[in-house]
1. Could you grab me the full set of residues in segment 128-160 that are under 17 Å from G232 (Cβ atoms), out of contact with any Ser or Thr (no Cβ under 8 Å at 6 or more places or on another chain) and either modelled with pLDDT under 95 or crowded, with 23+ Cβ neighbours inside 10 Å (or both)?
2. Select from segment 184-206 the residues that are of a type in the set (A, V, I, L, M) and in contact with a Leu (Cβ under 8 Å, 6 or more places away or on another chain) and list them in ascending order.
3. Looking at segment 1-24 only, could you name the residues that are modelled with pLDDT of 95 or more, within 19 Å of S90 (Cα to Cα) and surrounded by fewer than 21 Cβ atoms within 10 Å (Cβ to Cβ)?
4. Give the residues of segment 29-43 that are outside any helix (DSSP H, G or I) and either β-branched (V, I, T) or without any contact (Cβ under 8 Å) to a residue 24 or more places away in the chain (or both), sorted by residue number.
5. Considering only residues that are of a type outside the set (D, E, K, R) and out of contact with any Lys or Arg (no Cβ under 7 Å at 6 or more places or on another chain), which ones fall in segment 28-40?
6. Would you pick out the residues in segment 194-213 that are surrounded by fewer than 18 Cβ atoms within 10 Å (Cβ to Cβ) and not hydrophobic (A, V, I, L, M, F, W, C)?
7. I'm trying to understand the selection: among the residues of segment 103-127, which are in contact with a Gly (Cβ under 9 Å, 6 or more places away or on another chain) and either outside the structural domain of L22 (by TED's automatic domain parsing) or buried (at least 22 other Cβ atoms within 10 Å of the Cβ) (or both)?
8. So which helices (runs of 4 or more DSSP H) stay within segment 123-166 end to end and still have 1 or more residues that are farther than 23 Å from D241 by Cβ and among the acidic types (D, E)?
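The values are calculated or read from the model by the stated rules, or taken from the named source; none is laboratory data. Predicted model only: the values in this text are computed from it and were never measured. Quick reminder, even Gly has a Cβ in these numbers, built from the backbone with ideal geometry, and neighbours come from all protein chains shown.
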Amino acid sequence: MKKAVGFIGLGIMGKPMAKNLLKAGFPLVVHSRSKGSVEDLVKEGALAALSPKDVAERTDVIITMLPDSPEVRDVILGMNGVIHGIKPDSILIDMSSINPLVTIEIAKALKEKGGRMLDAPVSGGEAGAIQGTLAIMVGGDEKEFDECIDIFEAMGKTIVRVGDIGAGGFTKLVNQIIVALNIAAVGEAFTLGVKAGLDPQIIYNAIRGGLAGSHVLDAKAPKIFERNFKPGFKIRLHHKDLNNALSTGRDLGVPLPLTRIIQQIITSLMAEGRAEEDHSAIATYFEQIAKVEITPRN
């Protein structure tokens, strides 16, 4: 019999992830600030909970998918939080992208109540969440990882235990630095090509099979060409992730000069009111400077 799973946070990523758990046959209890998302999941067979505490009291595994550290801390440790309803030996899986040091703090608090924890941030954006093909980076004890592998398999394709609690978060910071710098490189390079009179679609066709090719290029170049900045992963969320990376770099004594540069670029886009756009819009920063647009000719 499958474990009863609770899911807290039904946003762009959380809602399709929860739907995939339902499709896989997991009994699901959901809670979110968005009543509409809760109602949609209830129509598909989930049960609604009144609070995070209520979710914890009714399930064996609780998943949180929330914007940042303050929200995760509040949902888990705050009034009517998960910690007040968690049962001995229940497992909390935080799949949010937050500061790993906060993750370690929460895990210690849950342990005092008899609860266990994994941190398991994801990569793959909205498309990966919908298709169930997310890359999932898991931190925590191997025993808990093994217990939850069927849950992860319902939501992701690449599932790797990367170390002890907090390791998932550290790995996600590595991922987010690489993704941000890749998008910036695509924007800067294609701006040069367009300014030189080339068609960006032809550039893309020419380079995608070589060393410059990447999943980021394949996922984001078409969005840039089509001017489709509907969010799969919002600029403001990438800004948050890079803030966490820079903060962690300071704590660990690791200089991150390129990360700081791309963070300033993202900050300028947010100042223009573009925080809710997809992070592929990072490329438009370079377009604005060069006074060109990365669009195919036909």
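1. Matches in segment 128-160: G128, A129, M155.
2. Here is the first cut: in segment 184-206, the ones of a type in the set (A, V, I, L, M) are 184-186, 189, 192, 194, 196, 198, 202-203, 206.
Scanning segment 184-206 gives a single hit, V186.
3. A4
4. Start the filter on segment 29-43 by keeping residues that are outside any helix (DSSP H, G or I), which leaves 29-34.
V29, V30, R33 - these are the residues of segment 29-43 that are outside any helix (DSSP H, G or I) and either β-branched (V, I, T) or without any contact (Cβ under 8 Å) to a residue 24 or more places away in the chain (or both).
5. First pass over segment 28-40, keeping only residues of a type outside the set (D, E, K, R): 28-32, 34, 36-38.
Passing the criteria: L28, V30, H31, S32, S34, G36, V38.
6. Within segment 194-213, K195, G197, D199, Q201, N205, R208, G209, G210, G213 qualify.
7. Step one: list which residues in segment 103-127 are in contact with a Gly (Cβ under 9 Å, 6 or more places away or on another chain), which gives 103-104, 107, 109, 116-122, 124-127.
T103, A107, R116, M117, L118, D119, A120, P121, V122, G124, listed by residue number.
8. Details: elements: 125-131, 142-147, 149-155.
Passing ranges, in order: 142-147, 149-155.
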